[in-house]
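*Asks:* Sharing a structure below in C-alpha cells format, with a few things to ask.
The values are calculated or read from the model by the stated rules, or taken from the named source; none is laboratory data. Note that the structure is predicted; figures quoted are calculated from it, not measured. Because the Cβ atoms are built from the backbone with ideal geometry, glycine has one as well, and the counts that use them run over all protein chains shown.
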Amino acid sequence: MVSLPTYDPNAYGNATTNEMLNRAIGVIYEPGSVMKAAVIAAALNEGVVTPNTIIDCEQGAWGVPGARAQGHARLRPCSPWRTS
C-alpha cells in the first residue's frame, strides 16, 4: 500500500489534516472493485464464463436498500474495469 503525501514532509507543520491523511489505511473503500477481480477470475477458471460471454448486469438492479445503484446493461467479463 502506498500513500504519497501531497505536502512537504520536511514542513509537515504547514500541512492540513486532509493532506496528512494516509489514504491507503485511513479511508474506507467499497469492496466492489476488489471483488470484481476475484469473482471474474473464479468464473473464468471454473469455465462458468469465457472472455466473450455477455453478462446481463440488469442496470445495477441488485443493490443495497437505501443506496442508489448505477449499473450497466450488458458487459463481457473483462469490461467492468473499463466502465467503472
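*Asks:* Go through the range 41-63 and count every residue that is outside any loop (DSSP other than H, G, I, E, B) and either among the basic types (K, R) or at pLDDT 85 or above (or both).
*Replies:* At the first step, the residues of the range 41-63 found to be outside any loop (DSSP other than H, G, I, E, B) are 41-45, 55-56, 58-60.
Retained after the next criterion (residues that are either among the basic types (K, R) or at pLDDT 85 or above (or both)): 41-45.
Counting residues in the range 41-63 that are outside any loop (DSSP other than H, G, I, E, B) and either among the basic types (K, R) or at pLDDT 85 or above (or both) gives 5.
*Asks:* Please specify each residue of the range 11-33 satisfying the condition of being in a helix (DSSP H, G or I) and surrounded by 10 or more Cβ atoms within 10 Å (Cβ to Cβ).
*Replies:* Step one: list which residues in the range 11-33 are in a helix (DSSP H, G or I), which gives 11-14, 17-20, 23-26, 32-33.
Within the range 11-33, Y12, E19, M20, R23, A24, S33 qualify.
*Asks:* Here's a follow-up. Which condition does A73 not pass, out of (1) in contact with an Asp or Glu (Cβ under 8 Å, 6 or more places away or on another chain); (2) at pLDDT 70 or above; (3) surrounded by fewer than 12 Cβ atoms within 10 Å (Cβ to Cβ), if it passes all the others?
*Replies:* (2)
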